[in-house]
Ligand code: KIV
């Protein structure tokens, strides 16, 4: 499979006859290798703050941690496009530090692109990143790094003025040069309006079926994340149960001394 890149992703507008883009998160080499070849885009999301680190939100994730996870994922990918989240406060302070941090995610993290949250307010920073050759994916609607400002993880765009401001955010991102936009936690009418309006593909999570692609957190749809079962996630497997039953079987065989057997052991002369 050829390497998927920002140019091929840009062409994925479903209304123009393309297949929807398929994107998932991954945070390590093992899962990256498993999903490569099956999906178009792998995102090292700052959701790793919750899924891997056990924090209540994404705010404490550090740039060094994103670089580390991105590098681990990069080693497992041959064809998927690798995008990494810029963590909270790594791009909001000023353009200079945003460029430096995005550059580190590409050079040390081996990512192909960065993702930033926000629209109009981050558009000047995105323009500069794009000008220096750093591909940027946008993210509007429910932007988890603003969880405190939004008053929690709530669906956005419930009023006409909120919808208009999210549309303006998406247009600002397109004008700034993003190659795709994540739409998170918005009504399907709004995601359809944005998808129709912008020329770059939209990738939805909790944004309904009319986007140009979909993204989910891998652990959520594999049924590994037992504490988090929101409406927008469909469980395609029940791996938490499978994992617990395998660990139970292993523990019971160790305790009964029926594992390891001869076939799992080494001898001086074999
Ligand atoms: O951090 C993340 O995993 C994300 C996706 C869920 C869009 O931003």
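Scan the helices (runs of 4 or more DSSP H) fully inside the range 181-263 and keep the ones with 2 or more residues being surrounded by 19 or more Cβ atoms within 10 Å (Cβ to Cβ) and modelled with pLDDT of 95 or more.
Once the helices (runs of 4 or more DSSP H) in the range 181-263 are filtered for at least 2 residues that are surrounded by 19 or more Cβ atoms within 10 Å (Cβ to Cβ) and modelled with pLDDT of 95 or more, what remains is 188-197, 218-221.
Looking at the range 52-71, which of its residues are surrounded by fewer than 19 Cβ atoms within 10 Å (Cβ to Cβ) and within 16 Å of the ligand (Cβ to nearest atom)?
Within the range 52-71, 52, 53, 54, 55, 56, 57, 59, 60, 62, 65, 68 qualify.
Mind checking which residues of the range 1-48 are closer than 19 Å to residue 67 by Cβ, in contact (Cβ under 8 Å) with a residue 24 or more places away in the chain and assigned to a helix (DSSP H, G or I)?
Result: 29, 30, 31, 32.
Return the pairs, sorted by first residue and then second, in which the second residue is in a helix (DSSP H, G or I), the first residue lies in the range 242-265 and is free of Cβ contacts under 8 Å to residues at least 60 places away in the same chain, the beta carbons are less than 8 Å apart, and the residues are 6+ apart or on different chains.
Close Cβ pairs (under 8 Å, with a partner that is in a helix (DSSP H, G or I)) amount to 259/250; 259/253.
Considering only the range 147-167, I want to know if a residue exists there that is within 16 Å of the ligand (Cβ to nearest atom), assigned to a helix (DSSP H, G or I) and under 21 Å from residue 66 (Cα atoms).
Yes, that holds for at least one residue.
Residue 87 passes all but one of (1) surrounded by fewer than 20 Cβ atoms within 10 Å (Cβ to Cβ); (2) within 13 Å of the chain's Cα centre (by Cα); (3) farther than 17 Å from residue 220 by Cβ; which number fails?
(1)
The values are calculated or read from the model by the stated rules, or taken from the named source; none is laboratory data. Quick caveat, the model's predicted, so the values are computed rather than measured. Here the Cβ is made from the backbone with ideal geometry for all residues, glycine too, and neighbour counts use every protein chain on show.
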